[in-house]
Each structure stands twice: as structure tokens, then as C-alpha cells.
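Since the structure comes first, as C-alpha cells, the remarks are kept for the end.
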Amino acid sequence: MPAAADRRHDGRVPRAHGSRWPRRPLRHRLIVDSAATAAEGYATSFQIIGVLGAIAAVLVLVFANPERDRKIIRGEALAKSA
């Protein structure tokens, strides 16, 4: 815990790198602010991020084609060297 001299009048501690107070992205802030408690808002926000990550992983598994990508990359590399 920072020393009392490092604290502001409201108990918060400023960040060391530039901005004065910790900032959250807008969507995250809206979710946290609309929840009954901050803990519920953070939980909901992180669950949404997890679901989006899982959806992205499934999409990569469905649409990724290593053979096609290998041909594209090697074809471009061969064309550049010629």
C-alpha cells in the first residue's frame, strides 16, 4: 500500500504513467456502471470478453486453412525473390 503522502484526499492513488486516474474503455465502463455493484459489473464485463474470445477461437478453427495460407505465403515469397 502506498504511503499516506502518495494518496489523494479521496484515498485514490494516481497512476505513474501519464493519465491522472485509471481509465477503463467505454464499453467496459458502461457495463460496470450499469450493474448493481462494481464487482458484478466487472464479472459481467470479463465474462463477455471470455465469450467473445471463445467465439473468435471457434471461428479461427472453422475458417483457418493452413494449406491455403502456406501456398499464399510461399507463393509471395517466391515471387519476391524472383
Selection from segment 61-76 of residues that are modelled with pLDDT under 90 and among the aliphatic types (A, V, I, L, M): ILE72, ILE73
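Restricting attention to segment 21-66, which residues are of a type outside the set (A, V, I, L, M, F, W, C) and assigned to a loop (DSSP other than H, G, I, E, B)?
Our first condition is that a residue be of a type outside the set (A, V, I, L, M, F, W, C); within segment 21-66, this holds for 22-25, 27-29, 33-34, 37, 40-42, 44-45, 47, 50, 53, 65-66.
Residues satisfying the conditions are PRO22, ARG23, ARG24, PRO25, THR37, ASN65.
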Which numbered condition VAL58 fails, given (1) within 21 Å of the chain's Cα centre (by Cα); (2) at pLDDT below 90: (2)
Residue satisfying all of: in segment 9-41; modelled with pLDDT of 85 or more and among the charged types (D, E, K, R); nearest to LEU52 (Cα to Cα) among these: GLU40
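The values are calculated or read from the model by the stated rules, or taken from the named source; none is laboratory data. Just so you know, these numbers come straight off a predicted model, no measurement behind them.
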